[in-house]
Amino acid sequence: LIRLRAAYEKGTVERVLRRYARYELLIIDEIGYLPIQKHEADLIFQLLNMRYETHSTIFTTNIALSGWGELFKSPETAAAILDRMVHHVKIYKIKGKHTEETHLGFPPQIALPKTYIFRLPKTYNFKLPLTKKINQSLKS
């Protein structure tokens, strides 16, 4: 999002959107960690629309999907983004100790459940810590 914002300010956003639209797998980590302005939400929608039905996207967030209208400053934009995401989607909610808790010593009451949203029109073999669990879920 930071790169999209910078490209928007420089006037090169179309080029950056096309580049991100070509990636086979795009991971957008911690969506909602930083505030998102309305025009940035529109850029996210444009990117997802360009990738729709062709490439895979993974979002991670601590924000419930029901709170995305507020996150994106527009229930309509949030609905459009979610519409592009929910087709062929797998959602994983991971509960328990997170990296922030384990390594930074945050108390458990501060840590929120992490949600992983996989929009995958293709099958992938992930090389992540959750590899075995994710791959088993994707095969089912």
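Summary of computed values
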quantity	calculated
Residue within the stretch 74-93 that is modelled with pLDDT under 70 and more than 16 Å from the chain's Cα centre (by Cα) present	no
Strands (runs of 3 or more DSSP E) within the stretch 1-94 that include 1 or more residues in contact with a strand residue (DSSP E or B) (Cβ under 6 Å, 6 or more places away or on another chain) and open to solvent by 80 Å² or more (accessible area, probe 1.4 Å)	25-28, 89-94
Among (1) under 27 Å from residue 6 (Cβ atoms); (2) surrounded by 13 or more Cβ atoms within 10 Å (Cβ to Cβ); (3) at pLDDT below 75, the one test that residue 106 misses	(1)
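The values are calculated or read from the model by the stated rules, or taken from the named source; none is laboratory data. This one's a predicted model, so the numbers in the text were calculated from it and none came from an experiment. Virtual Cβ from ideal backbone geometry, glycine too; neighbours counted across all protein chains shown. Accessible surface areas use protein heavy atoms only, side chains included; no ligands, DNA or RNA. Shrake-Rupley method; radii C 1.70, N 1.55, O 1.52, S 1.80 Å.
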